[in-house]
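Below is one structure, written out as structure tokens; the observations come after it.
The values are calculated or read from the model by the stated rules, or taken from the named source; none is laboratory data. From a predicted model like this one, the values you see are computed outputs, not experimental measurements. Every residue, glycine among them, receives a Cβ derived from its backbone with ideal geometry; neighbour counts consider all protein chains shown. SASA here: full protein model, heavy atoms, side chains in, ligands and nucleic acids out. Shrake-Rupley method; radii C 1.70, N 1.55, O 1.52, S 1.80 Å.
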Amino acid sequence: MKTHTIEEVNELKAWFDAQQLPATLQLNQSTFIPDVATTVESLFMQAYICYENPKMQGCIVLLQQIKKVLEK
């Protein structure tokens, strides 16, 4: 399983910091985020703690999915 480097997490954080986030977001058919800013903040808190743990990559995966939707 792939893990991430601190540089990758920092790059992702820099991208989010440069964005005007929407208040809410329908991430996919089954996932609605009612408070995007708080969700992103919480996911980054976890990402900075768990980025090297291969079993705790969900926070980074979610951040990448949010980024992908926002780039559309």
Taking Cα atoms, how many degrees apart are the long axis of helix 6-17 and the longest axis of the chain, rounded to 10 and kept between 0 and 90? 10 degrees
Could you look at the chain and say what percent of its accessible area is carbon and sulfur, using a 1.4 Å probe and all protein chains? 55 percent
State in Å² the accessible area per residue of the chain; use a 1.4 Å probe, count heavy atoms of protein chains only, and round to the nearest integer. 67 Å²
Karplus couplings for the stretch 49-60 from phi (6.51 cos²θ - 1.76 cosθ + 1.60, θ = phi - 60°), rounded to Hz, Gly and Pro as x? 7, 10, 4, 8, 8, x, 8, 10, 8, x, 5, 6
Given charges at beta-carbon only (K, R positive; D, E negative), |dipole| of the chain in Debye: 260 debye
Residues with amide H under 5 Å of residue 33's amide H, sequence separation 5 or more or different chain, H placed in the peptide plane at 1.01 Å from N; which? 25, 26, 27
